[in-house]
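So the structure is just underneath, and the comments pick up after that.
The values are calculated or read from the model by the stated rules, or taken from the named source; none is laboratory data. As the structure is a computational prediction, the values presented were derived from the model and not from experiment. Positions of Cβ are generated from backbone atoms using ideal geometry, with glycine treated the same way; all protein chains shown enter the neighbour counts.
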Amino acid sequence: MLTSPLGRLRIISIVEALSYLVLLGIAMPLKYIWGEPQAVKIVGMLHGVLFCIFCAALLDAMLKQKWNLVPPFWIFMASLVPFAPIWVELWLKKQMTGKN
């Protein structure tokens with residue numbers, strides 16, 4: 001799965017989405033409710049690095065798949081909305097299996 005651009009994008013999309021949910025659902029409440037700012041520093045940095053890797057994987061997939069700007073635009077937009085990467089995962093899985 002890691003040998004193809006779509007496979008790499010699928011994996012990093014899931015990992016990045018999980019880091020976003022941990023940031024929003026665990027680290028931010030720890031900071032703002034229980035006064036533990038270190039959680040946001042650590043998880044926020046990890047999420048930022050994963051987001052940069054996600055953007056690079058998205059660009060790689062776009063170039064190798066010869067997509068126009070529409071699929072990458074919607075994939076990127078989905079990365080900004082919690083739980084929307086589930087849609088991305090399902091769509092990318094269909095792309096990999098050839099079912100459109």
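So here's what we get for this one:
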{"read-out": "Residue that is of a type in the set (Val, Ile, Thr) and under 20 Å from Ala84 (Cα atoms), where the choices are Val49, Val40", "value": "Val49"}
{"read-out": "Answer from Gly25, Gly35, Gly7 - the residue that is surrounded by fewer than 13 Cβ atoms within 10 Å (Cβ to Cβ) and under 17 Å from Pro85 (Cβ atoms)", "value": "Gly25"}
{"read-out": "The listed residue being at pLDDT below 95 and in a loop (DSSP other than H, G, I, E, B), out of Gly35, Gly7", "value": "Gly35"}
